[in-house]
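Visitor: After the structure tokens below, expect a handful of questions from me.
Every number in this text was worked out from the coordinates using simple rules, so none of it is lab data. Fair warning: this is a prediction, and the values are worked out from it, not measured in the lab. Glycine also receives a Cβ, built like all others from the backbone with ideal geometry; neighbour counts cover every protein chain displayed.
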Amino acid sequence: MKAFVDGQLVQTDVAPFVKDGRALVPVRAISSALKADVKWDADTRTVIITRGEQSITLYLDKKEATVDGKTITLDIAPVLKNGRAFLPLRFISEQFKANVDWQEEGKIVIIDDLQVSDETNEEDQDSASTDDTDAETATDTN
């Protein structure tokens, strides 16, 4: 199985796999691809992923996650395999407002990170409004 985020292959040092019809990927690989931060708490066996103001807490071997303080039931629990935490790819991606598609031929997951597009559009709008302000200031001083 391969995963692509915004057209870029998600590089992993261990292979993602499918379990019970769900794609599970190494936490660091998908978090990095989605530009999110990861913290691992070995004592509680939890993974905390943050991106901007959003926070997702997942519990190994438990079909439950906490997203911004709200408890959500998962289709499949995150698992530990060969010393690595694997998380449900679709759940993580969709929580971060990304579109996820599955291509059976070649077993490919395609993720379009909509949040990155939104941020780019906001930056473009900010620079456009700054340009307008500069033009108004120049007009006011004449």
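Visitor: How far apart, in nm, are two points set 7 Å out from the Cα along the Cα-to-Cβ line at GLN54 and at ARG22?
Guide: Distance between label points: 1.7 nm.
Visitor: Would you mind classifying segment 48-116 by shape? Square roots of the alpha carbon gyration tensor eigenvalues, ordered a ≥ b ≥ c; an a/c under 1.5 is rounded, otherwise it is prolate if a/b is larger than b/c and oblate if not.
Guide: Working: a/c = 1.90, a/b = 1.13, b/c = 1.68.
Oblate.
Visitor: Classify segment 1-82 as rounded, prolate or oblate, taking a ≥ b ≥ c as the square roots of the eigenvalues of its Cα gyration tensor: rounded when a/c is under 1.5, otherwise prolate if a/b is larger than b/c and oblate if not.
Guide: Here segment 1-82 falls in the oblate category.
Visitor: Shifting gears a bit: Step through the residues of segment 99-106 one at a time and calculate ³J(HN,Hα) from phi using the Karplus curve (6.51 cos²θ - 1.76 cosθ + 1.60, θ = phi - 60°), rounding each to whole Hz and writing x for Gly and Pro.
Guide: Per residue, the Karplus-derived 3J(HN,Hα) values read 7, 10, 10, 10, 10, 4, 5, x Hz.
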